[in-house]
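A quick write-up on the structure given underneath.
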Amino acid sequence: MAYEVIVLGGSGTFPAPGAACSGYLLRSGETALWVDCGPGSFANLQRHIKPSELRAIVLTHTHLDHIVDLYPFLYQLRYGPEASEPGGFPVYAPAGAAEFVGRIASNEGPSGDPTFGGYLSFLPINATLIATVGDFELRFCRTRHPVETYALRATANSRAVAYTADTGPDMGVTNFCWGANLIICEATSQKAKNEVPDVHMTAAEAGELATRACTSQLLLTHLVPGLDPAVSREQAAREFRGEIDVASDNLRILVY
């Protein structure tokens with residue numbers, strides 16, 4: 001059974017012209033999982049599936065470039081052509097995410113209602129959680145980032161995709177990714193290691209992680225707009241000899 005990753009957005013921190021921020025659609029069998037809801041990613045998601053086909057959303061952390069499109073998703077649940085009665089759509093996110101999201105959209109709650117009228121059900125993630133969503137088994141690992149952030153490992157049909165989310169270099173994250181068939185790795189910068197704050201990674205560090213984690217497929221993502229993707233790929237390739245792609249909107253990758 002095919003396991004496919006579709007990039008819904010790969011811009012880091014803010015969207016590049018005509019592109020979206022972090023978002024990934026993971027598909028296996030009849031199960032569709034949306035990971036991170038960066039601005040612009042919901043529009044791209046609708047190029048590939050109907051929102052009603054989604055089984056769950058995962059938010060790795062609450063920085064705005066990873067969550068903003070949760071709001072239009074909520075609006076289509078409530079007001080779209082497939083709108084229905086509240087059903088508590090599952091959103092896996094760090095503890096406190098519902099309250100944070102609600103402060104931004106105070107007219108929708110959740111100051112008094114963390115379910116947004118019953119349409120969303122926030123499920124807290126942590127480093128010990130093992131969750132099952134359709135075909136997927138989900139595990140999580142805390143990363144090195146200023147807010148509570150989790151890497152994701154999504155396994156289906158004996159294949160695993162590991163997504164570092166936002167992180168600085170961290171052996172715990174590297175070990176968590178070990179043996180994954182595909183690693184989606186943040187590669188925010190093309191600078192030298194000592195020129196980058198340790199809350200993000202360079203393309204070269206992404207290549208090093210992929211080599212240490214013994215993967216065969218590497219997807220570089222979260223590039224700051226304006227960087228040449230070819231340069232990021234070249235820098236990663238100096239450290240990793242496997243297959244390398246650079247995230248671009250609507251790129252499809254078959255996990256093998």
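The values are calculated or read from the model by the stated rules, or taken from the named source; none is laboratory data. Quick caveat: nothing in here was measured; it's all calculated off a predicted structure. Every residue, glycine among them, receives a Cβ derived from its backbone with ideal geometry; neighbour counts consider all protein chains shown. Note: accessible area is taken over every heavy atom of the protein model, side chains too, but ligands, DNA and RNA are not part of it. Shrake-Rupley method; radii C 1.70, N 1.55, O 1.52, S 1.80 Å.
Overview of results
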| quantity | calculated |
| --- | --- |
| Loop sites in region 156-225: GluC sites (Glu not before Pro), DSSP, at most 13 other Cβ within 10 Å | none |
| Dipole magnitude (debye, nearest 20) for region 155-219, charges at Cβ of Lys, Arg, Asp, Glu | 240 |
| Nonlocal amide H pairs with GLY9, under 5 Å, H built at 1.01 Å | GLY23, ASN250 |
| Given 15 as the ceiling on other Cβ atoms within 10 Å, longest exposed-site-free region of the chain for trypsin sites (Lys or Arg not before Pro) in DSSP loops | 48-190 |
| Structure-based [θ]222 nm, the chain - -39500 (n - 2.57) summed over DSSP H runs of at least 4, per residue, nearest 500 | -5000 deg cm²/dmol |
| Fraction of antiparallel bridges per DSSP, the chain only, in percent to nearest 5 | 50 |
| Share of carbon and sulfur in the accessible heavy-atom surface of region 1-151 [1.4 Å probe, %] | 53 |
| Among SER216, PRO229, ALA206 - extreme Cα towards positive end, dipole of region 205-256, charges at beta-carbon | SER216 |
| C-alpha center-to-center spacing [region 164-189, region 199-234] in angstrom | 9 |
| Assigned charges on the beta-carbon of Lys, Arg, Asp, Glu; the chain dipole about Cα centre (debye) | 340 |
| Restricting region 30-106 to GluC sites (Glu not before Pro) in coil, as DSSP defines it, with at most 14 other Cβ within 10 Å | GLU30, GLU82 |
| Paired Rg and Dmax values of region 120-256, which use every Cα atom, in angstrom | 14.5, 44 |
| For region 161-172, 3J(HN,Hα) per residue [Karplus equation, 6.51 cos²θ - 1.76 cosθ + 1.60, θ = phi - 60°, Hz, x = Gly/Pro] | 10, 10, 10, 6, 6, 8, 6, x, x, 7, 5, x |
| Choice from PRO197, PRO229, PRO81 with maximal GNM fluctuation in the chain (Cα, 10 Å cutoff) | PRO81 |
| Whole-percent carbon and sulfur share, accessible surface of region 154-256, 1.4 Å | 52 |
| Accessible area per residue, Å², region 37-102 with all protein chains present, probe 1.4 Å | 41 |
| Region 139-256 - accessible surface per residue (Å², probe 1.4 Å) | 41 |
| For ILE184, distant residues with modelled amide H under 5 Å away | ALA162, TYR163, THR164, LEU219 |
| Approximate spin-label separation ASN181-VAL199, in nm, with each point projected 7 Å along Cα-to-Cβ | 3.5 |
| Added length on full extension, which subtracts the Cα-Cα distance from 0.36 nm per residue, PHE14 to THR211 | 68.1 nm |
| In sequence order, calculated HN-Hα J values of region 221-231 (Karplus, 6.51, -1.76, 1.60; Hz; x Gly/Pro) | 9, 6, 5, 5, x, x, 6, 7, x, 5, 5 |
| Shape box of region 50-143 [Cα atoms, principal axes, largest first, Å] | 35, 29, 23 |
| Gaussian network model of the chain, Cα within-10 Å springs - most flexible of ASP36, ASP198, ASP228 | ASP228 |
| Dipole magnitude (debye, nearest 20) for region 59-210, charges at Cβ of Lys, Arg, Asp, Glu | 260 |
| GNM result for the chain, Cα springs below 10 Å: residue of GLY117, GLY226, GLY102 fluctuating most strongly | GLY226 |
| Calculated FRET efficiency for the pair LEU254/GLU99, C-beta based, R₀ 25 Å, to 0.05 | 0.05 |
